[in-house]
Amino acid sequence: VRPLKLKVNLLVELLALSLMGLNLLMAQKDRSGLLTRTFDNNYIVKYLGINEYAIYDGYKTAQTNVQMAKANVSDLRSVREYLKSNYVKPNPAYNGVAKGKNVLVIHLESFQQFLIGYKWKGKEVTPNLNKIYHQKDTISFDNFFNQVGQGKTSDAEMMLENSLFGLQSGSAMSTYGTSNTFESAPAILHQQAGYTTAVMHGGAGSFWNRDNAYKSFGYQYFMPLSFYKNKPGYYIGYGLKDKIFFDQSIKYIERLPQPFYLKMITVTNHYPYNLDKKNQSIDKTNTGDETVDGYVQTAHYLDQAIGELMRWMKKTGLDKKTLLVFYGDHYGISGNHRKASAELLKKDSFSDFDNLQFQRVPLMFHMKGLKGGINHTYGSEIDVLQTLLNLLGIKDKDTIQFGYDLLSKDAPQIVAQRNGDFITPEYSKVGSDYYYTKTGERIKPDKKLKAKLTAISNEVTTQLSLSDRVIDGNLLRFYRPKWFTKVKPKDYDYNKAASLKKLFDDPSKTSLWYQNHKKSTQKDFKTDAPELKK
Ligand code: GP9
Ligand code: MN
């Protein structure tokens with residue numbers, strides 16, 4: 001009887017696997033990398049069905065456990081030695097210039113650098129962000145690159161919060177966000193400078209495993225979609241429309257004890273770049289590529305939403321107390337749309353090299369009185385945390401972080417891509433080919449140059465694999481700086497009633513609401529969102 005049962009089991013497994021394959025093929029059509037990205041367990045269940053998911057999950061967990069067991073303290077030693085010998089001193093002239101300010105990080109979904117200053121039919125696509133980009137109290141980077149892998153948004157978040165890279169496959173936040181130990185920005189800012197820490201997002205809390213990962217990062221508050229009113233017409237794609245999201249966030253922001261470290265994750269400018277008619281206020285482009293042509297329209301909408309938020313900040317005086325950080329998480333137009341990309345950039349063709357350069361995204365630090373300007377340093381998402389900590393004058397001695405202060409004169413300016421490609425001010429690598437970054441001309445290196453390029457390439461792989469070891473091996477469980485208290489995810493609860501009770505029942509004297517004579521600033525937020533017209 002036994003062998004027969006085994007055979008049946010095997011058949012069932014095979015059937016499940018092939019069904020999974022079929023489902024996956026169909027699901028992949030809409031969202032490439034569905035399984036490898038593991039962006040949301042609920043979504044995977046939705047697309048693949050529950051049995052197939054159980055198999056997949058079991059396999060994933062087994063894989064994770066093997067990696068964990070293999071890691072040991074000597075791995076940690078190599079990582080620390082590497083970081084020590086590659087230490088870059090932050091720029092002392094900028095140390096602490098934003099000390100004690102609120103930090104408001106605005107996640108610009110799928111927003112590429114080329115949109116800054118871009119015009120379509122004579123109209124600026126992103127006038128509000130363009131203005132911020134050029135203001136004299138904004139430090140704007142024009143050679144700043146995204147480095148995400150399959151984890152997309154979550155990889156960007158992983159890098160900004162931890163200065164650790166996303167993984168070679170899948171999403172580190174999904175796979176390790178629940179179980180790993182982290183020493184992240186919210187915990188550092190809270191412990192070192194008393195910051196209140198929060199994330200607001202008009203999308204599902206389980207997406208990218210945020211509802212667990214943020215606890216491991218030490219975020220005190222997480223306000224996902226369940227904290228927002230979601231009436232018909234409010235939601236598009238993956239979340240609330242940005243204007244509606246901001247409008248409804250005011251009542252929470254104004255209650256946060258200051259200084260706060262707040263991240264707001266926008267989402268309307270997300271593939272497939274659809275926007276309902278009444279929210280369209282710029283024409284689509286006309287490349288004929290359906291995926292691409294709506295991009296300027298949703299970007300324009302996002303920009304308008306930013307404008308509304310900025311005007312509220314000015315009206316309430318919050319702008320004087322806040323360091324704003326804007327960043328684009330990753331490309332909006334993938335390498336599968338070369339013809340359309342060439343057309344948008346008014347180029348004849350669009351090569352692998354062009355696509356690598358197309359990975360530029362905005363990074364801007366904006367604050368009243370900040371000594372700004374357009375900075376040409378080559379840098380990337382892994383570097384944001386170090387740059388921010390220096391501006392805030394927060395000590396982070398002995399942390400395990402792979403980035404460096406972008407304002408440092410000694411910035412090494414080697415931008416790694418998750419697949420091992422790289423960009424420096426002089427050289428770019430795509431696959432096995434090298435190019436001069438300035439001209440895009442392909443390099444046929446002589447022996448000496450070849451050695452130099454190989455050295456950079458090795459440096460990039462070393463960085464990536466050491467960072468991978470930290471995450472795969474959960475190495476931070478073995479180590480923390482003396483001044484850092486370990487984060488206990490159990491201490492955090494994102495239950496709506498409990499969170500709001502904390503914020504509303506015992507109002508903090510340092511909140512904007514309290515300082516506004518215990519009155520809401522909601523009416524100072526002016527929006528032209530058609531859905532909210534009275
Ligand atoms: C949804 C969102 C989208 O919550 O942040 O993530 P992405 O698909 O860009 O990785
Ligand atoms: Mn994204």
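The values are calculated or read from the model by the stated rules, or taken from the named source; none is laboratory data. Just so it is clear, the structure is predicted and the values come from calculations on it, not from any experiment. Note: ideal-geometry Cβ built from the backbone for every residue, glycine included; neighbour counts use all protein chains shown. Surface areas here come from the heavy atoms of the whole protein model, side chains and all, with no ligands, DNA or RNA. Shrake-Rupley method; radii C 1.70, N 1.55, O 1.52, S 1.80 Å.
Between region 321-393 and region 171-204, how many Å separate their Cα centres?
Each part reduced to its Cα centre gives a spacing of 23 Å.
Ranked from highest to lowest mean number of other Cβ atoms within 10 Å per residue, what is the order of the peptides 229-237, 482-490, 317-325, 150-158?
The packing order, highest mean first, is 150-158, 317-325, 229-237, 482-490.
Around HIS376, what is the net charge, scoring Lys/Arg as +1 and Asp/Glu as -1 over all other residues with Cβ under 15 Å from its Cβ?
Value of the local net charge: 0.
Over the chain, what relative contact order in percent results from Cα pairs under 8 Å that are six or more residues apart?
25 percent
At a probe radius of 1.4 Å, what is the per-residue accessible area of THR175, in Å² to the nearest 10?
Using a 1.4 Å probe on the heavy atoms, I get roughly 40 Å².
Ignoring ligands and nucleic acids, what accessible area does ASP446 show with a 1.4 Å probe (Å², nearest 10)?
The value for ASP446 is about 100 Å².
How do VAL97, VAL361 rank by accessible surface area computed with a 1.4 Å probe, from largest to smallest?
Ranking VAL97, VAL361 by accessible area, largest first, yields VAL97, VAL361.
With every protein chain kept in the model, how would you rank ARG469, ARG311, ARG255 by accessible area, 1.4 Å probe, largest at the top?
Listed by decreasing accessible area, they come as ARG311, ARG469, ARG255.
Relative contact order for region 419-478: what percent, with Cα pairs under 8 Å and sequence separation of 6 or more?
Rounded, it is 21 percent for region 419-478.
Heavy atoms only, 1.4 Å probe, whole protein assembly: order THR510, THR181 by accessible area, highest first.
Per-residue accessible area, sorted high to low, gives THR510, THR181.
If the only charges are +1 at each Lys and Arg Cβ and -1 at each Asp and Glu Cβ, what is the size of the charge dipole of the chain around the Cα centre, to the nearest 20 debye?
My answer is approximately 1220 debye.
Calculate the tail of P(r) for region 132-250: the fraction of all Cα-Cα distances greater than 26 Å, expressed in %.
Pairs farther apart than 26 Å: 31 percent.
Can you tell me, using C-alpha contacts under 8 Å and at least 6 residues apart, the relative contact order of region 390-446 as a whole percent?
It comes to 15 percent, rounded to a whole number.
Find how many whole Å separate the alpha carbon centroid of region 485-516 from the alpha carbon centroid of region 122-164.
That distance is 29 Å.
Please compare each pair in LYS89/LYS320; LYS320/LYS509; LYS321/LYS496; LYS251/LYS523; LYS314/LYS526; LYS152/LYS263 to a cut-off of 21 Å on the Cα-Cα distance and tell me which ones are over it.
LYS89/LYS320; LYS321/LYS496
Mean residue ellipticity at 222 nm from the helices of the chain, using -39,500 (n - 2.57) per DSSP H segment of n ≥ 4 over the full residue count, to the nearest 500 deg cm²/dmol? Please list the in-between numbers first.
Working: 19 runs with 216 residues, N = 534.
Helix-only estimate at 222 nm: -12500 deg cm²/dmol.
Any of LYS99/LYS486; LYS121/LYS243; LYS84/LYS447 with alpha carbons more than 26 Å apart? Name them for me.
LYS84/LYS447
Once neighbouring chains are kept in place and the probe is 1.4 Å, which whole percent of the accessible area of the chain is contributed by carbon and sulfur? Before the final figure, lay out the partial values.
Details: 12690 of 23650 Å².
The value for the chain is 54 percent carbon and sulfur by accessible area.
Using all alpha carbons of the chain, what is the percent of pairwise distances in each 20 Å bin, ordered from the shortest bin to the longest?
All Cα pairs, binned at 20 Å, distribute as 21, 57, 21, 1 percent.
For the chain, report the accessible area per residue in Å² (1.4 Å probe, heavy atoms, rounded to an integer). Present the calculation step by step, with values, prior to reporting the outcome.
On the way: 23650 Å² over 534 residues.
Normalised by residue count, the accessible surface of the chain is 44 Å².
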